[in-house]
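Below: one structure, written as structure tokens.
Derivation of every value follows stated rules applied to the coordinates shown; laboratory data play no part. All of these numbers come straight from a predicted model, not from anything done at the bench. Please note: Cβ atoms are built from the backbone with ideal geometry, for glycine as well, and neighbour counts cover all protein chains shown.
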Amino acid sequence: MALNTLTKADIAEHLFDKLGLNKRESKDMVELFFERIRVSLEDGQQVKLSGFGNFDLRDKKQRPGR
């Protein structure tokens with residue numbers, strides 16, 4: 001059973017197909033979405049995506065290198 005990876009390009013392609021956005025708009029929308037999540041996490045906010053999951057940054061102990 002092979003697992004496929006969903007990429008930002010796949011999401012942009014889906015927006016292009018389903019919403020009729022042009023490819024540039026689709027790519028920009030995906031980038032903006034992930035940038036907003038990144039900035040929120042960086043600012044210490046929790047990100048809640050209903051029906052998908054909750055995200056927050058956690059400090060973890062350093063692990064020993066190899």
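Filtered by the rule that a residue be surrounded by 10 or more Cβ atoms within 10 Å (Cβ to Cβ) and closer than 19 Å to Lys8 by Cα, the range 49-66 gives a lone residue, Phe55.
Residues in the range 6-53 that are in contact with a strand residue (DSSP E or B) (Cβ under 8 Å, 6 or more places away or on another chain) and among the basic types (Lys, Arg): Lys48 only. Within the option set Phe55, Phe16, being out of contact with any Ser or Thr (no Cβ under 8 Å at 6 or more places or on another chain) and without any contact (Cβ under 8 Å) to a residue 40 or more places away in the chain holds for one residue only, Phe55. Among the residues of the range 1-44, those that are farther than 25 Å from Leu57 by Cα and among the basic types (Lys, Arg) comprise Lys18, Lys23, Arg24, Lys27.
For the condition closer than 19 Å to Thr7 by Cβ and small (Gly, Ala, Ser), Gly20 does not qualify.
Any residue that is under 23 Å from Thr7 (Cβ atoms) and either outside any helix (DSSP H, G or I) or in contact with a Cys (Cβ under 6 Å, 6 or more places away or on another chain) (or both) - is there at least one of those in the range 25-42? Within the range 25-42, none of the residues are under 23 Å from Thr7 (Cβ atoms) and either outside any helix (DSSP H, G or I) or in contact with a Cys (Cβ under 6 Å, 6 or more places away or on another chain) (or both).
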